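Data block below; observations after.
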Amino acid sequence: MASPAFSAYRLNHSTFRITENSLLTKSSAENPQIYLKFYDALIVVIDTGSARKPDDKNITLRQFIETVPVAANDGKPLNEGGRREYTLVMTHCHFDRIGGISDFPASTVVCASSAARSFLAPATLPAHSLCELVAIPTPTYTPTLFLEDGETFPHVADHETPLLVVHTPGHTPDSLSLYDPGERNLFVGDTLYENTAMTFPMQGNLQAYMSSLDKLLALVHKERDGATLAGGRGVWDVDAGSLVGYVRGFMERVLNGSAVGVGKGESRGIKVIEYGEGKVSFFAPERVFEDGRKALGFAYTSKP
Ligand SMILES: [Zn+2]
């Protein structure tokens, strides 16, 4: 059964995907995707959906998980009565990831990347979460567990498979991905997807982004391919190696000048540009692309 705010689908044996039908997104491909990985005694919740406009009266993510029947879960709520504990992981601090945190019990472990702790400081969170930009109140939360690159978590029973943490800065400094070796599933947040523009904020860093894509490619190849990529929006069941490889190649062509911008404009006084090809597109302030070119040694400069 659907709720006005969320719909849940089975992703694989141990994981569900929840789509948030956010009032803040312009198309369904932009809707945030939330993933729930089930362990015997615990649910790892990957992102918690969007911060809300004050007049949004839809049920919360937690209410959905604990009370709304889901057809793909034999007609039962995903965590009826909150029987299993939660661990929340933020793939990054943007407003459409951190919105549901405060509704979970205060004792819930909240994980974030250890790579950019200062980026999550309360004083700058309204800007870094983009809440200020989209004019919604900034959710308050405090990460309680900073995840290191290469770490495995959570601590689970011997017969269960923990997740591998992969720091993937670029979209933001605190972006992280998670790999589930048991299900061969790669959760990447907003690092990459298709069907809607991959958008970089002013804090985007394309040098770091290219390194992160290289890291994901190495991981997927080590797994002898066959891994599935689950994005924070846009896609949830595509071949990871193919999409990461394609996105990396396209970004390289954008940076070396062989891809042409498909749209240009100004957003809140900042010059922005979009590059697109098929289902894949990048949208960012021009300066983010220029800084990436300089850092990576590409000579190309976009023409006015
Ligand atoms: Zn984001």
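The values are calculated or read from the model by the stated rules, or taken from the named source; none is laboratory data. As the structure is a computational prediction, the values presented were derived from the model and not from experiment. Every residue, glycine among them, receives a Cβ derived from its backbone with ideal geometry; neighbour counts consider all protein chains shown.
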*In region 125-138, what residues are in contact with a helix residue (DSSP H, G or I) (Cβ under 8 Å, 6 or more places away or on another chain) and part of a loop (DSSP other than H, G, I, E, B)?*
S129, L130, I136, P137, T138
_Which numbered condition in (1) within 16 Å of the ligand (Cβ to nearest atom); (2) closer than 27 Å to S28 by Cα; (3) touching a residue at least 60 places away in the same chain (Cβ under 8 Å); (4) touching a Ser or Thr at 6+ places or on another chain (Cβ under 8 Å) is the only one that F64 fails?_
(1)
_Given (1) closer than 26 Å to Y179 by Cβ; (2) at pLDDT 95 or above; (3) within 18 Å of the chain's Cα centre (by Cα), number of the condition A116 does not satisfy_ = (2)
*Can you name every residue in region 248-304 that is under 18 Å from D214 (Cα atoms) and of a type in the set (S, T, N, Q)?*
N256
*Would you say Y86 is within 16 Å of the ligand (Cβ to nearest atom) and of a type outside the set (G, A, S)?*
no
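Quick grid of which residues meet (1) of a type in the set (F, W, Y); (2) farther than 14 Å from C93 by Cα; (3) assigned to a helix (DSSP H, G or I):
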residue: T140; (1), (2), (3): no, no, no
residue: F146; (1), (2), (3): yes, no, no
residue: L164; (1), (2), (3): no, yes, no
residue: P169; (1), (2), (3): no, no, no
*asked:* Please determine whether any residue of region 136-145 is at pLDDT 95 or above and hydrophobic (A, V, I, L, M, F, W, C).
replied: yes
*Looking at (1) away from the ligand (no atom under 12 Å from the Cβ); (2) modelled with pLDDT of 95 or more, which is the only condition D158 fails?*
(2)
*Count, please, the residues in region 167-193 that happen to be more than 17 Å from T15 (Cβ to Cβ) and either more than 16 Å from the ligand (Cβ to nearest atom) or hydrophobic (A, V, I, L, M, F, W, C) (or both).*
2
_Condition check for P105: part of a loop (DSSP other than H, G, I, E, B), away from the ligand (no atom under 15 Å from the Cβ) and under 27 Å from G150 (Cα atoms)_ = no
